[in-house]
1. Can you list residue pairs whose Cβ atoms sit under 6 Å apart, with the first residue in segment 1-25 being farther than 13 Å from Asp104 by Cα and the second being open to solvent by less than 40 Å² (accessible area, probe 1.4 Å) and assigned to a loop (DSSP other than H, G, I, E, B)? Count only pairs 6 or more apart in sequence or on different chains.
2. In segment 92-115, what residues are of a type outside the set (S, T, N, Q), open to solvent by less than 90 Å² (accessible area, probe 1.4 Å) and within 13 Å of the chain's Cα centre (by Cα)?
3. Mind counting the residues in segment 7-45 that are closer than 19 Å to Lys112 by Cβ, open to solvent by less than 50 Å² (accessible area, probe 1.4 Å), among the aromatic types (Phe, Trp, Tyr) and modelled with pLDDT of 95 or more?
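The values are calculated or read from the model by the stated rules, or taken from the named source; none is laboratory data. Remember, predicted model here, so these are calculated numbers, not experimental data. In this analysis, Cβ positions are derived from the backbone assuming ideal geometry, glycine residues included, and neighbour counts consider all displayed protein chains. For the accessible areas, the whole protein counts, side chains as well, though only heavy atoms, and no ligand, DNA or RNA atoms are used. Shrake-Rupley method; radii C 1.70, N 1.55, O 1.52, S 1.80 Å.
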Amino acid sequence: IETFSTSVFLRFFFYHALFPATIPITYLIDGKHMLKNLCFIPRFDNRNVLTFLIQILAATAVWVMIGLYASDPDPPEPLFFIIPVSLYFTHKLMVATKYAVLDDATLEWLSKTTV
């Protein structure tokens with residue numbers, strides 16, 4: 001790895017970990033093309049819509065599970081909570097790492113062009 005940007009890593013981890021709440025923040029910082037490239041909003045082609053639906057369903061399931069676990073007066077064993085949440089956030093760490101190793105020109109290109 002030639003380059004690793006901690007700021008890009010943290011930014012993209014934040015974007016993905018708190019998705020869909022970060023859609024407006026992503027739009028303000030990186031623009032509409034990055035939103036489309038991250039599949040945070042659908043472009044209405046089959047592959048993109050499927051990716052968007054998978055992301056929104058996974059994020060919704062995790063955040064609903066966190067809310068239900070936190071509000072349950074008699075929650076199940078912590079392992080039933082820890083394992084799926086750990087897997088979800090591990091995936092988000094890997095996605096953030098992917099963007100953190102991109103060079104500045106590629107990140108700029110992704111912000112300016114929908115691919």
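1. Matching pairs, first to second residue: Tyr15/Thr22; Ile23/Phe40.
2. Selection gives Lys92, Leu93, Val95, Ala96, Tyr99.
3. Final tally of qualifying residues: 2.
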